[in-house]
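Q: Take a look at this one; I'll ask things after.
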Amino acid sequence: MMFISIMILIVAIALPSINISPNLYLRISSLLLLYTGALTLNAFYIQSIGSGIGIYSGLFQITLFTQLFDIVIILTGSVILIAWPLINHKFIDNNLNEKGHNILSINNYRIKYSIIILISTLGSLLLISSSNLITLYLSLELQSFGVYILASLYRHSELAISAGLKYFLLGSLASCIILLGCGLIYSFTGLTNLDSIYSMISVIDNNNILLGFSLGLILIFIGLLFKIAAAPLHNWAPDVYADSATIITTWLTIMPKISIFLVLLEIQTHINLIENINIILELNPLNNIINNNTLSFNNNYLWSKNLLLISSLLSLLIGTILGLAQTKIKRLLAYSTISHVGFILLALAINSEQSIEALIFYIIQYTITNLNTFLIIILFGYIIKNSFKDLIQSIMIEDEIGTENDINYISELKGQFFLNPILSITLTICLFSMAGIPPLIGFFSKQFVLYSAIQNGYYFMSIIAIIVSIISASYYLKIIKILFTEEENITEYSDKELKIITNLNSKSEIEISSTNSFIISTLTLSILLFVLKPSILLNSTTILSLSLFNL
């Protein structure tokens, strides 16, 4: 349905006789996502969904797990689509037209944005349901190409073009590594269906095939870790996030990571299942051949597990330590994201029923908190950049369409509590949740991961995670301190500046969308009041973790 909708929208854009406003394109795209989510929810009534349904000759596998996260991805994507016209800035001025900042060019970006978002979302939905190496790679690339285009969407911005090219080149390298891993697995096993590969590996008695499978698996993991910006493969993320427009960064920070984490979870869970089967076979003294080969597989399996643990450790340390020195808010949030990736990878490496429940819960709270944080930052950008002082600066200094309303430095938020107290308090709640301050939802997500780590004997990783959580709170508090610091009196404007103010004041208007205000309020309340009604989310994560272990 989504594919047909994308084709119809592309045709509608190409036909000059069809005149649809850009905001309407965004609304239609968000409604398409919501309708797709409703269809997915309706499929829960299929009685056999518990064991999974193979579609398109087994290329995709539909389960309760994939359906629920389809709904999460679709809802998140629709919210991000709505976020673009968060403030309808009606700005008509000759100076802007001379510099190319006309309403038509902005509207063209909105149309392209909605189409690319739908294509990338389609790739994400296909990726988490993939049960074949071919569809896994193709779905990953469908998602990734959309993200590359989004990063360089603003062709008038040198920073955006630089970010897009950097993302494309390094992302293509990661894709090549993943393709090499898939090729190795196919060359050694002769299979592309993931279930068939898992079944073959669990009973195989050939060490060469086991080694080839393990090497291919490690390469796939490296490529996927690169795409989620896990350390030490994170260097591209701060630059790309900081140079892209904030509305684009919102998508880059959340959507690709959800689907890739779920792919890693599916693979790691099945590999863990094979390990448990082989451990049982090791206890059988009647078959020495099986004992030797199961021991070989378990040793190779430890490489993938240790790879996740090393990446988790480096992500926790690098994301926290380097984040302390940041002065740009999007770079700081990029390192914050790397630190959160470390927590998720720790739960993924443990791979027990308890840790998987913690991982699913962490992904959901990460999505809610980051989405709300970036929506608030977008709103602050429009408000601050259209104040008198910053409006003059944006006209006299900046000429990059789409980025002139973005907040770049943390210092730009100075004194906003005294001008916008509700937004400032809302952002403070989100930052406290990221820092893990009780009783916010972020605290419980970290608590669940740490509890599962301690229960499974990962004491060193638990200690590191606790220490970095305490340290990372300092750069969140730095933003909060600036928010609540009163701004100093500004100097008098010159006659030229006052003339510009007078001219712009009569020709500018800012309208805040009530829909987006409602979204921010809802997300904030879910962060703040989770402790009052936690059963719905906790029961859902428990069911999902049980469904994975009962495959």
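Q: What do you reckon, is I397 at pLDDT 90 or above and more than 28 Å from L548 (Cβ to Cβ)?
A: Answer is no for this residue.
Q: Would you point out the residue of the stretch 513-535, among those that are surrounded by 14 or more Cβ atoms within 10 Å (Cβ to Cβ), farther than 22 Å from I437 by Cβ and of a type outside the set (S, T, Y), that is modelled with the lowest pLDDT?
A: Once the filter is applied, the top-ranked residue is N516.
Q: Looking only at residues that are surrounded by 15 or more Cβ atoms within 10 Å (Cβ to Cβ) and part of a loop (DSSP other than H, G, I, E, B) in the stretch 476-486, which one is modelled with the lowest pLDDT?
A: The selected residue is T485.
Q: If a residue has to be under 15 Å from I479 (Cβ atoms) and not aliphatic (A, V, I, L, M) to count, how many in the stretch 425-441 make the cut? Show your work before the answer.
A: Initially, the stretch 425-441 is screened for residues under 15 Å from I479 (Cβ atoms), giving 425-435, 437.
Among the residues that remain, those that are also not aliphatic (A, V, I, L, M) are: 426, 428, 430, 432-433.
Number satisfying all stated conditions: 5.
Per-residue answers, yes or no, for (1) surrounded by fewer than 21 Cβ atoms within 10 Å (Cβ to Cβ); (2) modelled with pLDDT of 90 or more; (3) under 18 Å from the mean Cα position of the chain (by Cα):
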residue	(1), (2), (3)
I111	yes, no, no
S114	no, no, yes
I134	yes, yes, no
L140	no, yes, yes
Y154	no, no, no
L159	yes, no, no
L179	yes, yes, no
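The values are calculated or read from the model by the stated rules, or taken from the named source; none is laboratory data. Because the structure is a prediction, the values reported are computed rather than measured. All Cβ positions, even for glycine, are placed from backbone atoms using ideal geometry, and neighbour counts span all protein chains on display.
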